[in-house]
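The values are calculated or read from the model by the stated rules, or taken from the named source; none is laboratory data. Computed from a predicted model, the values in this text were never measured in an experiment. Reconstructed Cβ throughout: ideal geometry from the backbone, glycine too, with neighbour counts over all protein chains shown. Areas reflect the complete protein model, heavy atoms only, side chains present, ligands, DNA and RNA absent. Shrake-Rupley method; radii C 1.70, N 1.55, O 1.52, S 1.80 Å.
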Amino acid sequence: MHEAALTQGLVKILLKRTAELGVNSVSRVTLKVGRLKAVEPHSLRFCFEMFVKDTVLEGVELVIDTVEARATCLECSESFEVQQFCFRCPECDATSLKLTQGEELFIESFEI
Ligand SMILES: [Zn+2]
């Protein structure tokens, strides 16, 4: 499962950071997840809860902050939101685009 591998990686980072800080409980974790990662929030949450079981992160409030996919057209410089993985400029129909956001997947913050 796509989400399982991603979540496991994130949990590993979190556990390493909390261990470094000597933290023994975390109240909230905020994740930034770009739309282009095609991560299903429900699955992400499910996997997260599975991986944090019996760790200092167990019972933590997980906040998933979804980042819209945006691109800039290399032909006319139009900046727009990418809808349903349609990589085409709505202004001039060009397909040469530069993605500016939507591929994020990282830990925005955690509160202790
Ligand atoms: Zn364009």
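Can you pull out the residues in region 59-88 that are in contact with a strand residue (DSSP E or B) (Cβ under 7 Å, 6 or more places away or on another chain), under 16 Å from ARG35 (Cβ atoms) and open to solvent by 50 Å² or more (accessible area, probe 1.4 Å)?
If the condition is that a residue be in contact with a strand residue (DSSP E or B) (Cβ under 7 Å, 6 or more places away or on another chain), under 16 Å from ARG35 (Cβ atoms) and open to solvent by 50 Å² or more (accessible area, probe 1.4 Å), then ASP65, THR66, GLU68, ARG70, SER79, GLU81, PHE87 are the ones that fit.
Tell me, please, whether a residue that is open to solvent by less than 60 Å² (accessible area, probe 1.4 Å) and either within 16 Å of the ligand (Cβ to nearest atom) or assigned to a strand (DSSP E or B) (or both) can be found in region 35-42.
No, that holds for no residue.
Inside region 64-87, can you point out the residues that are more than 9 Å from the ligand (Cβ to nearest atom), of a type outside the set (Asp, Glu) and either touching a residue at least 40 places away in the same chain (Cβ under 8 Å) or outside any strand (DSSP E or B) (or both)?
Matches in region 64-87: ALA69, VAL82, GLN83, GLN84, PHE85, CYS86, PHE87.
Starting from residues that are charged (D, E, K, R) and not in a strand (DSSP E or B), keep the ones in region 88-101 and report whichever is nearest to the ligand (Cβ to nearest atom).
Here is the first cut: in region 88-101, the ones charged (D, E, K, R) are 88, 91, 93, 98.
Filter again for not in a strand (DSSP E or B), leaving 88, 91, 93.
Numbers: ARG88: 9, GLU91: 4, ASP93: 7 Å.
Within region 88-101, the match that is nearest to the ligand (Cβ to nearest atom) is GLU91.
Considering region 89-110 alone, what residues qualify as being over 15 Å from VAL33 (Cα atoms), hydroxyl-bearing (Ser, Thr, Tyr) and open to solvent by less than 80 Å² (accessible area, probe 1.4 Å)?
Correct list: SER96 only.
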